[in-house]
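This report refers to the structure that appears directly beneath it.
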Amino acid sequence: MFSNLQISRTLAKNIARMQSSNKTVSQEAMQAEWQEVQAAQSNPALFRPLYDRYYEPIFRFIFKRTADENVAADVCSQVFLKAMQKLGSYQFKGVPFSAWLYRIASNEVAQHFRNTQKNRVVSVEDHNISNIIDEMNEDGDFETTRTKMLQAMNDLKEGDLALIELRYFEGRPFKEISEILNITESNAKVKTYRILEKIKKLMMKK
């Protein structure tokens, strides 16, 4: 468990300007990308198009959790180095190749904060909070509810918070979340429901 969760609204606004909308990737696009990956597995030089495609999204993912461009750049470089080293073991599982990269990035971010013993950043926008409020059918004054919710999220375990971020802050489908967090899709859905219930209970104590 971690404490002193940093909520940076300014950071969130800056990221929102950079971030493109999440769209469902078609099966055709994923199959075409899988062919690119297989080519890169045979010839590492062919990894470059995948690197060019995903460097910026992976960098944003890391930056949202570190709020430090230099740290984000260093961790991002480590992510792609490990991706290259492990590429031969990658297998297509019906989700975009990016989900595998995000899993590596998530692990590297967690390792960074274990090494530095610092609290990681969580970027929150009001519409993200609204999505959770709607999901939980919470009524009442928005600012009061928002404050209690952020305080409750501060008490979440790292893994629970990561799931909430991916689902409600980044709008990822459960199938991708399951790949990123290395859990089953059904488990991702059940855990999300339980975390929302946990947030409700924590909010009642605030």
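Which shape class applies to region 58-149: rounded if a/c is under 1.5, otherwise prolate when a/b exceeds b/c and oblate if not, where a ≥ b ≥ c are the square roots of the Cα gyration tensor eigenvalues?
Because a/c hits 1.5 or more and a/b fails to exceed b/c, region 58-149 counts as oblate.
Roughly what would the spin-label model give for residue 183 and residue 53, points 7 Å off Cα along C-beta, in nm?
That separation, rounded to one decimal, is 2.8 nm.
Per-residue HN-Hα couplings for region 79-90, Karplus 6.51 cos²θ - 1.76 cosθ + 1.60 at θ = phi - 60°, whole Hz, x for Gly and Pro?
4, 6, 5, 5, 4, 5, 5, 9, 4, x, 8, 5
Can you return the lysines within cross-link range of residue 198? Criterion is Cα-Cα under 16 Å, with same-chain partners fewer than 8 residues away left out.
Partners within reach: 148, 157, 189, 206.
Relative to the longest principal Cα axis of the chain, at what angle does helix 185-205 sit, 0 to 90 degrees, rounded to 10?
30 degrees
Place the peptides 93-104, 192-203 in order of packing, highest mean first, counting for every residue the other Cβ atoms within 10 Å and averaging per peptide.
93-104, 192-203
How many Å³ per residue does the convex hull of the Cα positions in region 100-202 occupy?
Dividing the Cα hull volume of region 100-202 by its residues yields 96 Å³.
Highest mean first, how do 28-39, 164-175 rank when packing is the count of other Cβ atoms within 10 Å averaged over residues?
Highest to lowest by the protection proxy: 164-175, 28-39.
Taking the alpha carbon gyration tensor of the chain, what are the square roots of 5 times its eigenvalues, largest first, to the nearest whole Å?
Sorted largest first and rounded, they come to 31, 19, 15 Å.
Every read-out reported here was derived from the displayed coordinates using simple, explicitly stated rules and does not represent laboratory data. On a predicted model such as this, the values are computed, not experimentally measured, just so you know. Heads up, the Cβs are rebuilt from the backbone with ideal geometry, glycines too, and the neighbour counts pull from every protein chain shown.
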